[in-house]
Amino acid sequence: MDYEIVLDDDRLAELARGWEDKGISVAVDFEEECNLHVYGEHICTMQLYDGTAFYLADVLSDSLTGRGLESFFSADFEKIWFECRSDLSILFKKYGIRTKRVFDLRVLAKALGENGGLDKVLSAFLDLPGAGDKKKNQQENWMRRPLSDRQIAYALDDVKYLFLLRHELERRVAEAGLEDQVAGAMRNICAVSPGKPGWMKLTNTRMLNRAEKVYLRNLFNAREAIAERFNVPAVNVLDKREVLRISLKCPKCRPDMAKELEGAPKRFRSLLIEAFEKAVESGICELEGRADV
């Protein structure tokens, strides 16, 4: 299919102004890198379809910055999405951008009893085949340039049928009398917040004592700092299950910590110990469990 590659802020802002002026809805989706090949979460591409033309915005382009993304997401036209929450969360965490006027088709599909992903919903409501091995495509390195023709086709397919899907889902929602339910669920669909710190997502921290929380927080943060420094996925430094296991044991000295970290990659082992000891020495944590967490 024909498409335009958008590489700079000015072009994205120009498109957004045009869609806003004409009151045109635009189908939107991201391809992202989330701690799979490098450290952290990154929006790599933004694919757009206005019902007539396709656009692929290269968010990794040096000339496409938060300014251009802000101009797009603050523009007063409707953005049609399928499952927007995680995408909007990354957009907020990376750029501090909040968006408005999002119409999330997953809300309609869920109201109709379908909780699957886009491929499953397209198959159920439009009798369209899936996009092949979706997991394999999602695990591609979307940070790498140039993108392959296959990657581009996969990315654009995620917005290709959203207008058709919306029409069918709205028809079925109306037939089932579910409009009020859908409107209620859609009301706060754009709401995003910083959420809990990463270390608190590893377990139910209410079940931990104070010393265990201190260990968990500082060992988790040490792992993140090292992963960011070497630009590798955090799991390559230390698996999250190991972070939790070691924290629950509360090793009291360097030899004990070294023993617990024997399974960690050798190149990161001493760095983890040093980072944790630095936290102890600076008074960030109290190994006796007296620190406020």
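The values are calculated or read from the model by the stated rules, or taken from the named source; none is laboratory data. What you are looking at is a predicted structure, and each value in this text was computed from that prediction instead of being measured. In this analysis, Cβ positions are derived from the backbone assuming ideal geometry, glycine residues included, and neighbour counts consider all displayed protein chains. Ligands, DNA and RNA are excluded from the accessible area calculation, which covers all protein heavy atoms including side chains. Shrake-Rupley method; radii C 1.70, N 1.55, O 1.52, S 1.80 Å.
A quick yes/no check of all residues on (1) among the aliphatic types (A, V, I, L, M); (2) without any contact (Cβ under 8 Å) to a residue 40 or more places away in the chain; (3) surrounded by fewer than 20 Cβ atoms within 10 Å (Cβ to Cβ); (4) farther than 20 Å from PHE103 by Cβ:
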residue: ASP2; (1), (2), (3), (4): no, no, yes, yes
residue: ILE5; (1), (2), (3), (4): yes, no, yes, yes
residue: ASP9; (1), (2), (3), (4): no, no, yes, yes
residue: LEU15; (1), (2), (3), (4): yes, no, no, no
residue: GLU20; (1), (2), (3), (4): no, no, yes, no
residue: ILE24; (1), (2), (3), (4): yes, no, yes, no
residue: ALA27; (1), (2), (3), (4): yes, no, no, no
residue: ASN35; (1), (2), (3), (4): no, no, yes, yes
residue: VAL38; (1), (2), (3), (4): yes, no, yes, yes
Unique residue being part of a helix (DSSP H, G or I), at pLDDT below 85 and either within 29 Å of SER86 (Cβ to Cβ) or open to solvent by less than 70 Å² (accessible area, probe 1.4 Å) (or both) when the list is GLU228, GLU224, GLU212, GLU277
GLU277
Got a number for residues in the range 47-72 being among the small types (Gly, Ala, Ser) and more than 20 Å from the chain's Cα centre (by Cα)?
4
Would you confirm whether or not the range 60-70 contains a residue that is free of Cβ contacts under 8 Å to residues at least 60 places away in the same chain and touching a strand residue (DSSP E or B) at 6+ places or on another chain (Cβ under 7 Å)?
yes
Restrict the check to the range 171-187 and report whether at least one residue is within 28 Å of LEU64 (Cα to Cα) and surrounded by 15 or more Cβ atoms within 10 Å (Cβ to Cβ).
no
Residue list for the range 58-72, filter: farther than 15 Å from GLU14 by Cβ and either open to solvent by less than 20 Å² (accessible area, probe 1.4 Å) or touching a Gly at 6+ places or on another chain (Cβ under 7 Å) (or both):
VAL59
